[in-house]
Each structure stands twice: as structure tokens, then as C-alpha cells.
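Trainee: Got a structure for you, written out below as C-alpha cells; questions coming shortly.
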Amino acid sequence: MSSARPLSFHVPEPAVRPGGTPDFSDVPISRAGEVRRPDVDVAPEEIRDLAFAIIRVLNRDSEAVGPWAGLLSDSELLEGLRHMMTLRAFDARMQMAQRQGKTSFYMQHMGEEAVSCAFRKALEPGDMNFPTYRQAGLLIAGGYPMLDMMCQIYSNALDPLKGRQLPVLYSAREHGFFSVSGNLATQYIQAVGWAMASAMKRDTRIAAGWIGDGSTAESDFHAALVFASTYKAPVVLNIVNNQWAISTFQGIARGGSGTFAARGLGFGIPSLRVDGNDYLAVHAVARWAIERARRNLGPTLIEYVTYRVGAHSTSDDPSVYRPKTESDAWPLGDPVLRLKNHLIRRGAWSEERHKQAEAEIMASVIAAQKEAESHGTLHTGPHPSARDMFEGVFEEMPPHLRRQRQQGGV
Amino acid sequence: MPRRTMVEAIRDALDVCMQRDENVVVFGEDVGYFGGVFRCTQGLQQKFGTSRCFDAPISESGIVGAAVGMAAYGLRPCVEIQFADYMYPAYDQIVSEAARLRYRSNGQFTAPLVLRMPTGGGIFGGQTHSQSPEALFTHVSGLTTVVPSNPYDAKGLLIASIEDNDPVIFLEPKRLYNGPFDGHHERPVMPWARHPQGEVPDGHYTVPLGKAAVRREGNAVTVLAYGTMVFVAETAAAETGIDAEIIDLRTLVPYDLETIVASVKKTGRCVIVHEATLTSGFGAELSALVQENCFYHLEAPVVRVAGWDTPYPHAQEWDYFPGPARVGRALKSVMEA
């Protein structure tokens with residue numbers, strides 16, 4: 001007879017659930033300025049520690065310190081602050097518009113604004129992002145018109161995508177923003193393919209893939225790492241770890257691996273973790289990785305350690321699965337506040353100017369919203385025509401679709 | 001005119017396209033140095049270099065996903081999936097990404113790629129090297145699905161597919177790679193070198209997508225077939241002596257309704273033959289189209305001959321395969337109805 005005892009099944013659980021006291025004491029956080037900055041041509045095996053540390057620039061006193069600091073001027077930082085504040089104001093208005101029934105759905109960025117806004121400023125024209133639904137900062141910081149974003153969200157007569165895509169699944173080729181898919185992780189490998197093509201054509205452009213912590217469990221994430229490392233593709237592979245995949249905490253996708261960044265190590269890909277709520281740190285690391293890609297040194301994996309303050313989407317209620325005060329306890333702070341305080345500390349900004357800027361930005365968002373709504377919202381006003389629905393399935397409409405369009409009476 | 005096998009015709013099509021357009025690239029498992037397990041890409045890497053023809057990791061989703069990214073960049077990837085049976089891990093990339101990209105981005109991004117896959121049975125491949133998954137593609141908006149039946153068409157259709165600006169699924173009946181096949185597995189295969197459809201012109205030509213071909217004219221019954229089944233149908237017609245009109249669909253979607261309807265209205269009878277399993281197969285679509293468009297001309301119910309609704313077996317392959325005897329029985333049944 002076997003002497004084996006029954007096995008037990010392990011399911012990871014977050015440290016705290018609603019009703020409990022938020023606790024991030026188990027999250028090891030590097031001190032600002034502490035983590036070294038290697039040369040971009042460093043061998044991956046020499047920086048394995050960077051997949052476990054957190055690169056940070058802004059300290060508690062709002063100073064920029066350490067080897068990753070000093071890359072941005074006052075005016076560049078002020079521009080970055082404005083982008084993040086614009087994204088936050090945009091989110092607030094669109095979130096409200098969804099509650100007012102003007103669209104079906106919205107996804108906000110609260111707490112994660114620095115990731116996409118700072119990354120975008122490290123790219124060159126012609127580079128291509130393969131984003132998820134939570135990187136609208138790439139568009140805002142890239143100068144894409146808010147009006148077009150809103151018309152997409154409203155699926156109205158001016159929707160650049162003719163009402164075919166869910167709100168926030170934008171597409172803006174000229175702004176280096178690939179069409180967002182609703183299926184997760186599919187675009188990570190597409191980013192690698194795009195980057196491979198650029199190298200095959202001896203072009204100078206690079207690609208950036210984006211994925212959330214939860215979706216790193218998808219097989220396409222692993223396919224992307226295989227292809228990126230095999231062909232040394234000029235791609236930056238970004239993982240936004242905002243702690244929550246809808247209601248599922250990041251430990252479910254991460255499992256036994258130390259960090260998400262550490263997943264890159266087995267592929268021989270230089271892998272770094274960065275404070276995702278630190279605009280300066282995000283920008284510095286992005287620039288490092290983008291330079292590596294541009295110099296044909298191959299892919300880089302970056303994990304942005306951040307926190308999703310808001311709900312996953314307008315269809316989600318986070319109070320059901322995490323303490324309401326958890327976001328306040330998040331140890332890396334608010335990216336907007338941190339950059340604002342840094343600029344004040346530098347003498348380049350003030351509370352008064354900040355308040356004034358907030359009002360100006362909100363006014364510009366409201367003006368864009370009014371104009372967008374004059375072209376219709378999801379349920380009222382002008383719409384893309386039902387005839388448009390049949391266009392663009394193929395370059396040329398085949399006979400069976402023509403017959404169906406006739407049957408549909410459009 | 002030179003005669004070529006279907007393998008040679010496909011290789012010739014790739015060669016022609018790679019010469020004409022430097023954006024055409026070929027990759028997939030074993031396609032580079034080795035030239036593919038069926039040798040369709042033999043010599044291309046040596047001729048065009050590793051940036052134009054290269055081996056890929058065994059990751060079908062990775063292969064198709066990378067191809068989508070390359071196509072969005074502006075290349076024209078022509079990818080080999082080693083067996084159609086291996087495409088399932090890539091299905092999401094095919095259905096949710098390649099097929100939808102033009103539509104969802106309102107034309108800002110497109111995916112002009114070709115996915116070549118050996119399809120069908122008859123080579124003792126068992127259930128993982130014998131499937132005919134065409135219905136999984138014809139059901140998807142935005143995909144063109146092509147099945148050639150001979151070397152001339154294979155070359156012309158493949159060039160047309162590579163030049164098409166949308167994703168194309170190119171299913172190659174592996175049983176026909178080296179010679180036509182009449183469904184009698186115990187008979188020696190006639191090589192394409194002795195068959196008129198083995199005549200393949202040099203250089204560039206296309207066979208248009210979306211157009212069927214009438215392979216045999218007849219007045220008694222229309223047989224709708226594609227790929228290997230075209231030859232099985234021809235054998236069945238010859239063996240039964242029934243005056244069948246045999247239509248080779250060549251492209252399943254977009255389908256050539258005009259040719260189908262004209263033939264069935266002429267003959268008044270219709271038999272549909274495919275190797276894929278019966279239930280929800282593409283034959284069901286064809287049957288519905290015939291019923292909707294030809295009902296008042298029909299003198300007998302439409303009959304389908306297909307693979308049984310079982311996985312493709314190994315030892316019982318020839319009991320599974322819709323051979324001339326089964327097609328012959330179907331032809332007789334519609335003539336007697």
C-alpha cells in the first residue's frame with residue numbers, strides 16, 4: 001500500500017481582500033537613484049538583477065536622483081505633466097459620458113498615466129506601437145486630436161473607424177498607433193513581426209509591444225519572446241503590471257516567477273523593472289531600450305510597476321475584490337502629483353499655475369467633447385451608415401456581400 | 001510547355017513573386033535551408049537570401065502573428081504552415097487578427113498575407129496530418145479560401161493570392177502534390193509529367209480568385225468538388241457512365257455562384273463532394289446555395305458525399321476517404337430519384 005499522503009492544490013491569493021487593511025509591505029521597492037544604469041550594449045546576463053530591482057528617479061523629497069536622472073529639460077517635463085493631466089481630464093469626461101449613456105463602454109488610465117505618456121516621448125516618428133486598451137497616453141502625448149478619440153468612443157458620424165470597434169480600441173497609423181485588438185496578447189507577437197520586417201528591409205524604425213500583467217499568461221506572449229530573441233528584433237516589449245487583471249491579482253499570472261520582467265531572462269532578453277508612476281524613470285528606461293533597438297542590439301523587456309487606481313472598465317466594480325483604500329496605500333504614489341511636486345521643487349512650476357493649468361486643460365477637453373457630440377453619440381445624432389458595415393471586409397466587395405447588402409436594404 | 005508537379009508549380013509561383021516584388025517573403029517551419037518537408041520552398045533561401053526565406057520556431061501562432069505584423073509593415077509574407085492540422089494554435093491570429101485588420105482599422109492597416117497549408121488525407125497521415133479544415137476558414141468574414149486541384153491552377157492561384165491585398169488561406173491537397181489521384185489507392189499514381197494539367201507555363205500568370213472551372217461538361221448531374229475530389233468525381237463519372245458536369249470550385253470563398261447555378265439549372269441534379277467531415281462542412285453551404293437558387297429546377301434532392309464525422313483514422317483511411325465508389329453511388333441515387 002502506498003504511503004503517499006494526499007496532495008493539496010495551491011491557488012495564489014492576494015494579501016488582502018475587501019474589509020482588510022491594504023498591505024504592500026511584501027513589495028520590495030528600490031530606493032530612488034539606487035539602481036545602476038548600464039551601457040545599452042551590456043550583455044543580458046550582466047544585468048539579471050535589473051529584472052528584480054525597480055528603477056526609480058524621483059525620491060521622497062521630489063528630487064531627481066541617480067544615474068537615470070537628468071535626461072529631460074524643464075520644458076519637456078512640463079509638457080509631460082500637461083499630457084498626463086490631459087489624459088486624466090479626458091478620462092474623467094469620457095467616464096462621465098459613459099455614465100450618461102452617450103457610449104457603451106470606457107476604460108480609464110487613473111494611476112498609470114506616466115507609462116504611456118513618457119514612453120511616447122522617447123519614440124521617433126515612424127516607430128510603431130502595438131498597444132492595449134490602456135495606452136491612450138501614446139496618442140495624447142503623440143499629438144493625436146482628442147476630437148478623433150472622442151468620435152471613436154461615441155461611434156458617431158466622424159468616427160475614424162466607422163463604428164466598427166468598441167470604444168477606446170483606437171487605430172492611428174500616422175501616429176504610430178496600431179489598431180487595438182479586443183483579444184489579448186495577440187499584438188505582442190505582431191509587434192515583433194513588424195520589427196522583424198523593419199530589420200529585413202534595413203529600415204531604421206522600431207516597434208513597441210504592449211501587454212498587461214494578466215495577459216502574459218497567453219501563449220502569444222511566449223511566442224513573442226521566442227521570436228524577438230531568435231531574430232534579435234528591434235522591439236521594446238512592455239509589460240504594464242498594474243496589479244489587477246479585472247478581479248484577478250497579478251500573482252495568478254505571475255505564479256512562481258519572481259517578477260514579470262524575470263520572464264525575459266530565460267530568453268536572453270535584457271529585462272528591466274521600472275517605477276511606472278515615475279515619469280522620469282519611465283522615460284529614461286524607455287530611451288535606453290529604444291536606443292538598444294535602434295542600434296540593432298535587439299529586444300528589451302520592461303516591466304512597469306504601477307497600480308490601476310480605477311476600475312478595469314466601466315463594467316467593473318473593484319470594491320468587490322479589493323479594499324477600497326488599497327490605491328491610497330500604493331507605495332509608489334500618484335504619477336501626476338509626483339511630477340508636479342518635482343517641477344515645483346525645481347522652481348519650474350507652482351500650485352497656482354497647476355490649478356490654472358487644470359482648469360485650462362479641462363476647458364479644452366470639454367470644448368472637444370462638445371464638438372464631438374455635435375457629430376453624434378452612440379444612441380443619438382448622426383451615425384456611420386449601415387451601408388458602411390459591408391465595406392472594408394475585403395479590399396473589393398465580393399458578390400456574396402453585395403447580395404447581402406442588397407438584402408439588408410442598404 | 002514544361003510540365004511540373006504541383007510542388008514544382010508552387011515553388012515556381014513563389015520564385016516568380018519573390019523576383020517581381022522584393023516585399024514577398026517566405027517563412028515557416030523547415031522552409032529555409034531544407035526547403036520544406038514537401039520541398040515546396042526548395043532553393044529559395046539559397047537564391048533570395050535569409051532575409052527573404054527563413055526557418056521559424058515551432059510556434060504557429062507566433063508565425064502567423066509575426067506575419068500579420070510584417071504585412072502591416074508593408075511586406076507580403078507567404079507563410080507555410082507545415083500541415084493544415086497544425087494551424088489550430090494560430091487560429092486566433094488568423095480569425096481575430098489577419099481577417100479583421102482591414103475592417104477594424106477602416107483600412108489604415110491591412111494584412112496581405114498568404115497562409116499555405118498542405119491539406120487532406122490519402123498519405124496515411126492519421127488524424128493529425130490528414131484534416132481538411134476549410135470550413136473553419138470559409139465561416140470567417142474577411143478570409144479568402146483557395147483549394148487548387150492541379151499544377152497549372154496551383155501556380156496561377158498562388159500568384160493571384162500573393163498579389164491579393166487581403167489574407168488568403170491556400171490549402172494544398174497533399175495527395176495531389178506529385179500526381180493526380182483518382183481515388184483508387186491501390187492503383188499507381190499517374191505523374192503530372194504525363195497529365196495535361198501538369199502543363200505549367202514559365203513566368204507570371206494568374207488564375208483569378210473567386211472563379212470556378214468546369215472540368216467536365218455534362219447534362220445529367222452537376223458535381224461540385226474541389227481539390228482531390230475533382231479527380232475522384234471524374235473517375236466516378238467515368239465508371240458509372242453518368243453524364244456528369246464536374247465543377248472545380250478552386251476558390252471556396254468568395255464562391256462562384258454564377259457558375260454553380262448555371263450548371264445546376266442545366267442538369268437539374270447536384271452532388272457535392274468533399275473530403276472534410278460532413279456535418280457543417282462547406283458542402284452544407286453549397287447545398288443551401290443550390291436549394292435557394294435552383295429549387296424549381298431540381299429533379300432530385302441535393303446529395304452530399306463527404307468524410308465521415310469521425311477523426312481521420314490511420315488504418316481505416318480508405319474506408320474514410322470518399323472514393324469513386326461512394327461518389328458513384330451518390331450519382332446513381334440522384335439519377336434514380
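Trainee: Quick one: if the Förster radius is 22 Å, what FRET efficiency do A:ARG31 and A:ALA217 give, using the C-beta to C-beta distance and rounding to 0.05?
Mentor: For A:ARG31 and A:ALA217, the calculated efficiency is 0.10.
Trainee: Please give the charge dipole size of the stretch A:87-215, origin at the Cα centre, charges +1 on K and R Cβ atoms and -1 on D and E Cβ atoms. Round to the nearest 20 debye.
Mentor: Around 200 debye, computed over the stretch A:87-215.
Trainee: Which residue fluctuates most in the GNM of chain A (Cα springs below 10 Å): A:VAL285, A:VAL365, A:VAL11?
Mentor: A:VAL11
Trainee: Now, a different point. Could you tell me what percent of the accessible area of the stretch B:217-261 is made up of carbon and sulfur, with a 1.4 Å probe and every protein chain present?
Mentor: 42
Trainee: Per residue in the stretch B:101-126, which ones lose no less than 30 Å² of accessible surface when going from chain alone to all protein chains (1.4 Å probe)?
Mentor: B:ARG102, B:TYR103, B:ARG104, B:ASN106, B:GLN108, B:PHE109
Trainee: On to the next question. What percentage of the solvent-accessible surface of chain A, computed with a 1.4 Å probe over protein heavy atoms, is contributed by carbon and sulfur atoms?
Mentor: 50
Trainee: Give the long-range amide H neighbours of B:CYS270: residues separated by 5 or more places, or on another chain, with amide H under 5 Å away, using H modelled in the peptide plane at 1.01 Å from N.
Mentor: B:THR222, B:VAL303
Trainee: Can you list the chymotrypsin sites (Phe, Trp or Tyr not before Pro) in the stretch A:1-103 that are in a DSSP coil and have 12 or fewer other beta carbons within 10 angstrom?
Mentor: Loop-located and lightly packed - A:PHE9.
Trainee: Can you give me the three principal axis dimensions of the stretch B:157-255 from its C-alpha atoms, in Å, biggest first?
Mentor: 43, 29, 21
Trainee: Can you give the direction-averaged projected area of the convex hull of the alpha-carbon atoms in the stretch A:132-236, in nm²?
Mentor: Quarter of the Cα hull surface area: 6.9 nm².
Trainee: Between B:ALA306, B:ALA213, B:ALA276, which gets the highest mean-square fluctuation from a Gaussian network model of chain B, Cα cutoff 10 Å?
Mentor: Between B:ALA306, B:ALA213, B:ALA276, it is B:ALA213 that shows the largest mean-square fluctuation.
Trainee: Total accessible area buried between chains B and A, 1.4 Å probe, in Å² to the nearest 100?
Mentor: Separately minus together, B and A give about 3600 Å² buried.
Trainee: Quick one: plug the Kirkwood hydrodynamic radius of the stretch B:79-147 (C-alpha pairs) into Stokes-Einstein at 4 °C, 1.567 mPa s, and report D in µm²/s.
Mentor: Estimated diffusion coefficient is 100 µm²/s.
Trainee: Then there is this: Distance between Cα centroids, the stretch A:338-363 to the stretch A:130-205: provide it in whole Å.
Mentor: Result: 30 Å between the Cα centres.
Trainee: Please turn the phi angles of the stretch B:328-333 into ³J(HN,Hα) values with the Karplus equation 6.51 cos²θ - 1.76 cosθ + 1.60 (θ = phi - 60°), one per residue in order, whole Hz, x for glycine and proline.
Mentor: Ordered by residue, 3J(HN,Hα) equals x, 4, 5, 4, 5, 5 Hz.
Trainee: Over the heavy atoms of B:THR110, what accessible area does a 1.4 Å probe trace out, to the nearest 10 Å²?
Mentor: Here the residue's solvent-accessible area equals roughly 40 Å².
Trainee: Another one. Mind checking which lysines have their Cα closer than 29 Å to the Cα of B:LYS211? Skip sequence neighbours fewer than 8 apart in that chain.
Mentor: Straight-line reach from B:LYS211, under 29 Å: B:LYS155, B:LYS174, B:LYS265, B:LYS266, B:LYS332.
Trainee: Show the residues, 5+ positions off or on another chain, whose built amide H is closer than 5 Å to the amide H of B:VAL26.
Mentor: Long-range HN contacts for B:VAL26: B:CYS53, B:PHE54, B:CYS78.
Trainee: Which lysines have a Cα less than 19 Å from the Cα of A:LYS355, not counting those fewer than 8 places away in the same chain?
Mentor: A:LYS340
Trainee: Turning to a different aspect of this structure: With a cut-off of at most 16 other beta carbons within 10 Å, and DSSP calling the residue loop, which GluC sites (Glu not before Pro) in the stretch B:163-253 qualify? Please list them.
Mentor: B:GLU186, B:GLU217
Trainee: Turning to a different aspect of this structure: Residue by residue through the stretch A:3-8, which ³J(HN,Hα) values in whole Hz follow from phi under the Karplus form 6.51 cos²θ - 1.76 cosθ + 1.60 (θ = phi - 60°), with glycine and proline marked x?
Mentor: After applying 6.51 cos²θ - 1.76 cosθ + 1.60, I find 9, 5, 8, x, 6, 10 Hz.
Trainee: Still on this structure: Could you name the lysines in cross-link range of A:LYS102, using Cα to Cα under 16 Å and dropping any fewer than eight places away on the same chain?
Mentor: Candidates past the 8-residue exclusion: A:LYS370.
Trainee: With N denoting the number of residues in the protein assembly as shown, provide Rg(C-alpha) divided by 2.2 N^0.38 Å, to two decimal places.
Mentor: 1.08
Trainee: What residues qualify as long-range amide H neighbours of B:VAL253, i.e. H under 5 Å apart, gap of 5 or more or another chain, H built at 1.01 Å from N?
Mentor: Residues meeting the criterion, in which the H sits 1.01 Å from N, are B:THR145.
Trainee: Turning to a different aspect of this structure: With each run of n ≥ 4 DSSP H residues scored as -39500 (n - 2.57), what mean residue ellipticity at 222 nm is computed for chain A after dividing by its residue count and rounding to the nearest 500 deg cm²/dmol?
Mentor: That comes out to -11000 deg cm²/dmol.
Trainee: Semi-axes of chain A's equivalent ellipsoid from the Cα gyration tensor, sqrt of 5 times each eigenvalue, largest first, rounded to whole Å?
Mentor: 34, 27, 24
Trainee: Here is a further query. Per residue, how much accessible area does the protein assembly as shown have with a 1.4 Å probe, in Å²?
Mentor: Value returned for the protein assembly as shown: 38 Å² of accessible area per residue.
Trainee: Another one. If you rank A:ARG322, B:ARG175, B:ARG20 by how much accessible surface each has, with a 1.4 Å probe, what is the order from largest down?
Mentor: The most accessible residue leads, giving B:ARG20, B:ARG175, A:ARG322.
Trainee: Check each of the trypsin sites (Lys or Arg not before Pro) in the stretch A:169-246 and keep only those in coil by DSSP with at most 13 other C-beta atoms within 10 angstrom; list them in order.
Mentor: Filter output for the stretch A:169-246: A:ARG202.
Trainee: Here is a further query. Going toward the positive end of the dipole of the stretch A:220-299, with +1 on Lys and Arg Cβ and -1 on Asp and Glu Cβ, which of A:GLN250, A:ASN296, A:GLY264 do you reach last?
Mentor: About the Cα centre, the residue reaching furthest to the positive side is A:ASN296.
The values are calculated or read from the model by the stated rules, or taken from the named source; none is laboratory data. What you see is a predicted model; the values in this text were computed from it and never measured. We place every Cβ from the backbone using ideal geometry, glycine too, and count neighbours over all the protein chains shown. Areas reflect the complete protein model, heavy atoms only, side chains present, ligands, DNA and RNA absent. Shrake-Rupley method; radii C 1.70, N 1.55, O 1.52, S 1.80 Å.
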